[in-house]
Structures are given as structure tokens and as C-alpha cells.
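Let me begin by presenting the structure, written as C-alpha cells, before commenting on it.
Every number in this text was worked out from the coordinates using simple rules, so none of it is lab data. Quick caveat, the model's predicted, so the values are computed rather than measured. Cβ atoms come from the backbone with ideal geometry, glycine included; neighbour counts cover every protein chain shown.
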Amino acid sequence: MTAMKKRLERTREYFAARPRLRRIAFVALILAMTAIQWLQLDLSCGTRVATVLRRSPVFIPVNMALLFLVDLVFLLFTRRWSAAYLAANVLTLIWSVADHYAWMFSGEPITVTTLFSAGTAMDVLAGYRLPFDLPVAAAIAAFLAGTAMAIALRALESGPIPWKRMALAPIALAVMLTGAYGLAGLLERTDTDVLWSSQVYLTAQGYPVYFLRQGLLTVHQVQTPAGYDDEAMARTAEALDGTGTPGTGETPDIFFILNETFYDLDLYTDTQADAPYLEAYHAADNAIRGYAAIPGVGGGTNRAEFELLTSNSMFLVSAQAPFITMDMTRANSLVSYLKTLGYTACAMHQASPTNYNRGRTYPALGFDETIFRDRFTADAYGDRNNTDRANYRDMLSWYPEEGEGPRFTYLLTYQNHGGYEQNDPSLDTVHARRDFGDLTDDVSEYLTSIRLSDQALGELFAALDESDRPAIVCMVGDHGPNFLTQLPAREGLSDQERETVSRQTPYIIWANKAFGPLPAEMDGMDLSCVDLAPTVLQLAGLPLSPFYRTILGLRDAVPCRLSTGLYRTAEGEYGSFAPDDPLFGTLAPYYYMEYNNIRAGADRVQTLFDPPGT
């Protein structure tokens, strides 16, 4: 320790005699440490060094300036640049490692919304094995290099910064924050291209800029659709006046199941599975099947919930977890709609009510009863203790308790959630015969889990077929597995096709014998997640609001509409929602109604969203 102090003193004496060289060395170390922080965070999101170097040069100083803001905050508390960078180094290490795992398991980097849902993220990560891999080793190496530079910086400091000079730091911080906020706003306003994933933003701009941009979007969660103003909304409302459809008077029981990570891998790749894994799904009688376009690829359950229950597209909503950052009180939803028609409503999920704020949001949406972790029974498949079979068994046992009137039951399952190395390979009943390298065992465990989920669905249909109460069931997957886009895509898929199939999960709408036949000609129909609620209402013979009628019109003309703005028509043609797009006039009324629904407040045209005659 004494030797180190002596070296520091000699270094200070050397640079004290050379003030110009001291200033150059000081600035060089500051820039080097900030650059290391930036590269460390950028690489934690799956970005390659070559990609960083090819990025537009304007984003290099912008990203470094944003990180310098954080360093400046630490300086306010420490009054020493060396101490500030040591503290920032620790934060950067923790953040980059956490971000690496977040990216690995969900396909999304850490954002402001992730911080709001940290408890949920920890519950999710508990199911994964956290490998010590090259990105983690690189993060530690970067931390050690930054720490060594901070120690070298200490030799250039004469002592704590005087308080008089420190008074300038808050002013500099305020100026830089204002500039950063303005930059993010400019990026948002000038972003007119359809960007299909987080990776596109990260590649083009860098992680610090992306984080700021997403933070800004969290503040401004609902984006105004192109061409929307009071006059445009008034014209839309006038054109849709009286377009609601009265019902037939039938009120069957309705079940909605959002099935965790229920995805058909053979839609995206060729698994060469040695056993069928969607046998019951394809064999079900009196059913309508197809693929539903959902918001996320390897994650995003809460976004899928939002679209399913409200029929509002995530295209206008920037929040990664709407239930956390958006107030659902008095929101129009499938729940509130069915309650207007005399239904009782129950929501079920075998996890904590704090996950994505569901304990508050479900009642806000109108559910009469909510059932969470403590009331469910366990049924293990290896180390997976939340099987669909157990969930369906519990749901059916509570079903008679919901009253004599018509019932709406919503269940969010959990079984198929990652990771996919929870069980010994000997438990796998489906195996990928194709070699996917290190992911082969993950694929086999995932397919086995999907097979068990499929079998449980068949058992649920058989049980409901014995009931004398008319019932209709809608089941859809919320997203694909986290490793999906790491698999080789099917040959011949264009970028648009690959983006589409990665966001399409199987859905099935099934009705029991007491309900009667479903229209066979609808089987095989692809649609969007927001279409499922009005489709079920239509099949059930329930009244349809102008909002739901508009969605059904889009379902038939533009069945696949992604939350990115990309769409595919019934004829297979691709486009994107923009003023110069040929289908802008077809799509705009829906987005205008959505914006009016979730953002207009007192100016909401409620008659567009209510059942006709109510």
C-alpha cells in the first residue's frame, strides 16, 4: 500500500510540473473510460463490434455524452472524478451483465419499463440457467480495464473538487439533460421508417440512445396516428354511427386462454421432430384454427394480454408493459363489454399478483374475481410445477362457482415458460432430429412441453363437451420461445415473411356440443391478436360495437397486422401503415378509434365502443 502511495505521489509530481500534459492525459482517460462504458453496454445487447464501428459517426459522441451524464451524477456525490468513475464502473458492470441475460432470454434489452417490473423479471429469471459466457467475461474485463484507468486518474487529481467549482455541475447536468431530451424527441419525430425490432434501433443508434428513446416513449406512451385530429375523428365517428350489430340473444359461457410461450416451431424452422406435438390441436372437432399476429417475438406476455383483452394494437402504445405504466381504470375492454351484457368475469394466473401489476389491473379492467398463485394446485412435469393440465383442472373446479348467469373466464398459463434446460433430457418425449448445436436439447424440451400443453387442451375440450352449458373457448399463444430467432429460418423466407412468422402463434376457437357448430369455412384463417375478441363475440352471437365491427372488417381484408405497422393482406401482399400506403384509408379508422379510446379522456366517443342499444 505504501509503495502504491509513493507511485501516486511521484506521478502527481511529474504531471504537476507539466500542466498541459496533465490536462491532455486527464481528458484522454475520461474519454477512454466513457468509451469503455459505452462499448460494454452496447455489446451486452447482442451488438457486434463491427456493427458499432459501422454506425453513423454522429451517434458515437451522443452515446458517450449520455453516459457522461451518469458519471457527472456520481461526481456530484464524490467530488472526485476517479471515485465517480469507479462507482460508474460498478454500475456499468452490473447493468451490462443483467442486460446480457435480459437480451438472451427475452430478446429485449433493459428499458425504463423493465426497471418498473424488476420483481417480475427476477421471477422469470429464476427459471433460467445463467451461463458464464463470453459476453459476461468481456464485461468483467472491461470493468477491470476501467477500474485501472480510474486508479490512474486518481494520480492526476490534486484532491476533491472545490465546492465553488462543483456548483457548476448541476447547471451542466441540467443543460445536458435538456439536450438529451430534445435529441430523443427529434429521433422520435424523424423516425418515419418501419423498424421491425429492438435490434434495428440498437444497431442504428446504440444502447444509451435507445434507452433514452424508450424512456421518452414511456412518458409519451400513446403515439398519435398519422392524420389524426378532431375533424378526422369526427368524420370517423359519423361514418361509423349505427354500424353496430345487435346480437341473437344467446349468451354462451366464454373462456379465453393466453397460453404462455405456445408456438409452433415448424412455422419458423424445420425441427424434424420425431413425434407430433400439436396432435390434439389439429384433431379437435368443431374448431377454427390458424395463426394470430402477436406483439412480441421471444417475450412480451403483457403486451399480448393488452391486445387480447382490449383489442387495442401495440402499434400506438410504446410501453413494454402496459399494465405497469398505463391506468386501466375505466378502460374499454372485453371484460367491461361482457359485463355490460350481463356476464360475470373471473381472471386466473398461477403467479404473484404483483407480476406486471395484474393484482390491480385485472380488477380495474372489470374482473369480478381474481385468482392467483396461492389458490392453484401443483402438478409437476420434472421441475415445471405449473402445468396446463393442473391449471385447466383448477379452472374447471372453480367454474361452477361463477354463478348461474353467463360467465367469462380468462386464464393466463405458465407451463411453457423458459428456460428450457429445467428437466433432464430423459424426460423429453419429443426430440428434434435436426442438429441445432447447443440449442438442440432446448428445442427438444420445448417441444415436449408444447406436446403436454396440447394434450391438456384436448382434455379440457373433452371435459367441457360433457357440460350442458353452451361454451366457446379461445386459446392463443402469447409469443415464441426466447431462442426462436437464433434458429435457422426456413429457406426462401423474405425479411418480411421471417418477421411475420416469428410473431405468429397458433390460436384455436372451439365450441362444445351444447353450443352447436362453428362455421367450418373459417378454419385455417389467420388473424391478428386484436381480432380474437370480436371474432369470438361474432361467433357467440353477441352484439358488436362499431369498434368491433371495424376490426372484423380489417380481419377479412388485412388479416395479419403486426404491432410494428407491417401488415399482410388476404392476398399475401405486404405494406406498412403510413400516409402514402395504399391501404392507409382502410386502416386509419381503426387506429383513430384506438387513439380516441385510450388517450382522448373526456373526449372519447363512447358510443363507438358500447354494445348497440346500451
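Amide H contacts of GLY477: ASN259, each under 5 Å away and 5 or more positions distant or on a separate chain (H built 1.01 Å from N in the peptide plane; Pro and chain starts excluded). Note on THR340/GLU404: beta-carbon distance plugged into 1/(1 + (r/R0)^6) with R0 of 22 Å gives a FRET efficiency of 0.75.
For ILE24 and ARG599, the difference between the fully extended length at 0.36 nm per residue and the C-alpha to C-alpha distance is 201.8 nm.
Thinking of the stretch 417-490 as a set of Cα atoms, what percent of all their pairs are more than 17 Å apart? It works out to 54 percent of all Cα pairs. In this structure the amide hydrogen of MET348, modeled in the peptide plane, comes within under 5 Å of the amide hydrogens of ILE371, TYR410, LEU411, LEU412, none closer than 5 places in sequence on its chain. Note on ILE94 and PHE77: the model spin-label points, each 7 Å out from Cα along the C-beta direction, lie 0.9 nm apart. Spacing of the modelled spin labels on SER397 and ALA234, each 7 Å from Cα toward Cβ, amounts to 5.8 nm.
Each other residue within a Cβ distance under 9 Å of THR564 adds +1 if Lys or Arg and -1 if Asp or Glu, for a net charge of 0. Phi angles of the stretch 480-485 translate, via the Karplus equation with coefficients 6.51, -1.76, 1.60 and θ = phi - 60°, into HN-Hα couplings of x, x, 5, 8, 3, 6 Hz per residue; Gly and Pro are given as x.
Each of ASP394, ASP230 has some number of other Cβ atoms within 10 Å of its Cβ, and from fewest to most they run ASP230, ASP394. Measuring nothing but alpha carbons in the stretch 233-608 and taking Rh as the Kirkwood radius, the Rg to Rh ratio lands at 0.95. Percent of C-alpha pairs per 5 Å bin in the stretch 485-535, short distances first: 4, 13, 21, 18, 15, 11, 9, 5, 3.
Kirkwood radius, the stretch 467-552, all distinct C-alpha pairs, inverse of mean reciprocal distance: 15.3 Å.
Take each peptide in 584-593, 370-379, count the other Cβ atoms within 10 Å of every residue, and average; sorted highest first, the result is 584-593, 370-379. The gain in end-to-end length when the ALA378 to ASP133 segment is fully stretched comes to 84.8 nm, 0.36 nm per residue minus the alpha carbon separation.
The label point for GLN223 and the one for ASP274, both projected 7 Å from the Cα toward the Cβ, are 4.6 nm apart.
Net charge of the neighbourhood of GLY516, taken over other residues with C-beta under 15 Å away and scored Lys/Arg +1, Asp/Glu -1, is -3.
The stretch 344-358 and the stretch 549-595 have Cα centres separated by 31 Å.
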